[in-house]
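Have a look at the structure below, then the notes.
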Amino acid sequence: MADGHDPFATLPLNALRAIERVARTGSLRAAAETLGVTQGAVSQQIRRAELRLGKALFHRRPAGLVPTSVLAEILPDLELGFTRLASAAENLRTQPSQRLNISVAPVFAARFLTPRLSAFKQAHPQIDISLVVDGQIADLSQADLDVGIRYGKGNWPRTKSKKVCESSLVLVCSPELARKLQQSADLSAVTVIRDISTSSGWRRWAVTANLGHDFPLTFSDMFGNPSVAIEAALASAGVLLAVDLLVADLLASGALVDPFKVRAASDEHYWLVNAEGRSQSTALRTFARWLQLEAKLCLEGLPANVA
């Protein structure tokens with residue numbers, strides 16, 4: 001700096017990193033695991049920082065460590081700073097290679113993304129795609145993750161989101177089961193497969209299909225994994241309310257059918273999600289445009305009326 005002052009003289013970068021990780025996880029052990037050091041080393045960093053500052057940074061509680069008001073006030077800036085440092089370090093590491101590490105849920109990877117990646121590679125051979133497939137929501141501030149694809153309302157903390165497409169909810173079942181469904185009232189005689197990701201949309205779909213709020217339905221046990229719910233529908237285990245993008249290919253192939261041609265608008269959609277403060281590479285912008293176009297083309301074969 002121009003005045004010769006070292007901003008890390010009082011608190012070294014490693015100490016700030018330990019403080020940020022403990023504040024995020026609430027645990028010395030979890031912070032140590034993510035930093036690749038011992039729990040004792042993290043504890044020592046925290047104690048030294050508090051001594052140098054002359055103030056407590058954490059409340060010690062039985063359930064873990066909770067930031068004091070002093071730390072809570074500057075924590076967003078601290079998190080943003082480390083996200084930007086991680087992004088800069090990753091850019092230095094990967095240049096001039098164009099590689100994208102994408103966090104994605106198993107159902108989206110299997111039912112939409114993976115079958116289309118070969119086409120992306122043919123169109124953009126200079127970009128290497130690496131999928132991190134995990135049912136848990138990944139921490140997108142990690143240096144080795146460029147972007148995540150998530151389903152929801154687009155308002156995750158400390159992130160920026162770009163919508164992939166407008167989603168709707170469609171009722172699907174096997175062709176065999178569809179023969180028993182001549183009208184929407186016949187749904188009372190079949191099993192409804194409950195997918196945790198769309199279970200809250202059943203009331204909206206029922207109203208859209210003119211069934212009313214209190215139409216009797218026989219629900220199965222809850223499927224926590226949408227992939228398993230789709231497999232159950234393919235096996236004629238019942239009807240399934242699904243996100244249109246996940247079943248569009250199965251509808252096009254005839255493996256599943258939409259017996260009533262009713263689509264209900266959803267308040268949740270698929271998003272491309274970045275950690276706040278992370279710059280977007282040319283490769284990521286290229287992938288985002290391609291993904292949005294592929295989603296649009298995929299949904300063009302479905303009935304256009306969404307209520």
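The values are calculated or read from the model by the stated rules, or taken from the named source; none is laboratory data. Not measured: the values here are computed from a predicted model. Cβ sites come from the backbone with ideal geometry, for glycine too, and all protein chains shown count toward neighbours.
For segment 285-297, which residues satisfy the criterion of being in contact (Cβ under 8 Å) with a residue 60 or more places away in the chain and either of a type in the set (D, E, K, R) or surrounded by fewer than 19 Cβ atoms within 10 Å (Cβ to Cβ) (or both)?
Within segment 285-297, THR286, ALA288, TRP290, GLN292, GLU294, LYS296 qualify.
Return the residue satisfying two criteria in turn: it lies in segment 203-231 and is surrounded by fewer than 20 Cβ atoms within 10 Å (Cβ to Cβ), within 16 Å of ALA265 (Cα to Cα) and within 27 Å of the chain's Cα centre (by Cα), and of such residues it is modelled with the lowest pLDDT.
Applying the filter and picking the extreme gives ARG203.
Please give the number of the condition PHE260 fails out of (1) buried (at least 17 other Cβ atoms within 10 Å of the Cβ); (2) in contact with an Asp or Glu (Cβ under 9 Å, 6 or more places away or on another chain); (3) part of a loop (DSSP other than H, G, I, E, B).
(2)
With respect to ASP267, is the statement that it is under 25 Å from SER161 (Cα atoms) and out of contact with any helix residue (DSSP H, G or I) (no Cβ under 6 Å at 6 or more places or on another chain) true?
Here the answer is yes, as ASP267 does meet what is asked.
With closer than 22 Å to ALA105 by Cα and loosely packed, with under 13 Cβ neighbours inside 10 Å as the only criterion, which of ASP249, ASP244, ASP267 stands out?
ASP267
All but one of (1) in a helix (DSSP H, G or I); (2) in contact with a Phe, Trp or Tyr (Cβ under 9 Å, 6 or more places away or on another chain); (3) closer than 22 Å to ALA255 by Cα hold for SER197; state the number of the condition that does not hold.
Tallying (1) in a helix (DSSP H, G or I); (2) in contact with a Phe, Trp or Tyr (Cβ under 9 Å, 6 or more places away or on another chain); (3) closer than 22 Å to ALA255 by Cα, SER197 fails exactly one: (1).
Residues checked against (1) assigned to a loop (DSSP other than H, G, I, E, B); (2) in contact (Cβ under 8 Å) with a residue 60 or more places away in the chain; (3) among the aliphatic types (A, V, I, L, M); (4) outside the structural domain of GLY152 (by TED's automatic domain parsing):
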| residue | (1), (2), (3), (4) |
| --- | --- |
| ALA229 | no, no, yes, yes |
| LEU240 | no, yes, yes, yes |
| GLY277 | yes, yes, no, no |
| ALA283 | no, yes, yes, no |
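What are the residues in segment 53-93 that are modelled with pLDDT of 90 or more, within 16 Å of ALA31 (Cβ to Cβ) and hydrophobic (A, V, I, L, M, F, W, C), if any?
Passing the criteria: LEU57, PHE58, LEU65, VAL66, LEU71.
Criterion first (β-branched (Val, Ile, Thr), within 30 Å of PRO125 (Cα to Cα) and at pLDDT 90 or above) does VAL107 satisfy it?
Yes, satisfied.
Given (1) assigned to a strand (DSSP E or B); (2) of a type in the set (Gly, Ala, Ser); (3) within 30 Å of ARG203 (Cα to Cα), where does GLY154 come up short, assuming only one miss?
With (1) assigned to a strand (DSSP E or B); (2) of a type in the set (Gly, Ala, Ser); (3) within 30 Å of ARG203 (Cα to Cα) applied to GLY154, the lone miss is (1).
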